[in-house]
Amino acid sequence: MLEGTEFESYFGDLGPAYRFEQFSLAVSDSIDFSVTPGTISGSVFPRASLYRKLAEPLGSMDTLLESAIHLEPDGGASGQNAEERALNTVRALLQFLSQAHTPSEGAFRAHVERMVRFLETLDVRKELLSRVIAFARAGKKPHLAPVNSWNDIEAAIGVQNSASATP
């Protein structure tokens with residue numbers, strides 16, 4: 001509903017049992033909303049915090065789920081431009097690879113394959129992305145955590161320096 005629009009303007013007056021305020025009070029009185037420590041961590045999948053979490057040590061299942069949920073329809077992660085999308089996608093890809101999810105194995109194999117296919121379409125950092133793609137297709141695990149930059153990505157996949165790498 002639009003802000004400021006009354007419920008009744010859409011549905012008419014359904015009586016007091018169906019008014020939102022009374023319904024929410026009735027529900028909250030009858031359901032136990034207590035949360036035990038460790039069952040909920042922060043707000044529900046905020047995108048802003050997703051890429052900060054990708055910079056944390058590799059491996060959290062929550063991070064994998066968030067990454068999978070927030071993939072764009074083309075298989076890449078969000079970002080302001082192609083370079084940022086590539087970086088965020090590779091960071092997410094390395095998270096999956098660190099937990100043995102490859103394009104052909106693991107519960108997230110379809111997501112990993114979509115990320116690899118997205119990276120194949122990009123025209124930024126072609127040499128490094130081709131190495132990342134080969135690394136992922138080989139099912140290798142990254143060496144380094146956390147991954148914050150392109151240099152960290154090079155180190156994670158075993159490339160010493162992209163300037164000294166042969167084409």
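Out of the residues in the stretch 78-103 that are among the polar types (S, T, N, Q) and free of Cβ contacts under 8 Å to residues at least 40 places away in the same chain, which is surrounded by the most Cβ atoms within 10 Å (Cβ to Cβ)?
My answer is 89.
Please specify each residue of the stretch 109-147 satisfying the condition of being in contact (Cβ under 8 Å) with a residue 24 or more places away in the chain, surrounded by 14 or more Cβ atoms within 10 Å (Cβ to Cβ) and over 25 Å from residue 73 (Cβ atoms).
131, 139, 140, 141, 142, 145, 146
For the stretch 150-158, state whether one or more residues are surrounded by fewer than 19 Cβ atoms within 10 Å (Cβ to Cβ), on the phi < 0 side of the Ramachandran plot and assigned to a loop (DSSP other than H, G, I, E, B).
Scanning the stretch 150-158, I find no residue that is surrounded by fewer than 19 Cβ atoms within 10 Å (Cβ to Cβ), on the phi < 0 side of the Ramachandran plot and assigned to a loop (DSSP other than H, G, I, E, B), so the answer is no.
Values quoted throughout were computed directly from the atomic coordinates according to the rules given, and no laboratory measurement underlies them. Here the structure is a predicted model, which is why all the values come from computation and not from measurement. Backbone-built Cβ (ideal geometry, glycine too); neighbour counts: all protein chains shown.
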